[in-house]
Amino acid sequence: MRLLNILVIGALILAASFVYKIKFDSTLQAERVGKVASELRRERNAIASLRAEWSRLDTPGRVQGLAERHLKMRPIVSSQFDTLDRLPERPVVTVQPPIQDPIGAMLAPMVAAPALPDTTGSIAPGVR
């Protein structure tokens, strides 16, 4: 009976240490998840602030002011444009056919030669 009590106490101590190890590991994992969640929150806030800054920098009024200040361009005037009926005609592009048809030159000897019955590329002509 004493031996059974000692074995049961030993099993309880092993079970308690195993449960403690599992609890400790789960606590570590929960801390890691918390750190990752806070990093994710921080990155999302950074993305939101960068998008807001991009929207501010991309406003048409700001871009127009920068263009006027840094690009030395003259304003567009209506005399720069002409009507469509004053445009010159598009030149006619003609494509001359090639002097000799390369594919036709390869096919001409085959058409001129009499066809041999049952010939394939693996059998020399005249051999059966």
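What follows draws every value from the coordinates through simple rules; no lab data is involved. Since the model is a prediction, treat every value here as computed from it, not as a measurement. Positions of Cβ are backbone-derived with ideal geometry, glycine not excepted, and every protein chain shown enters the neighbour counts.
For the reader, a short list of remarks on this structure follows.
- Taking first residues from the range 61-75 that are touching a residue at least 40 places away in the same chain (Cβ under 8 Å) and partners that are surrounded by 11 or more Cβ atoms within 10 Å (Cβ to Cβ), no Cβ contact under 7 Å between residues at least 6 apart in sequence or on separate chains turns up.
- Flag for Arg74 being at negative phi and within 27 Å of the chain's Cα centre (by Cα): no
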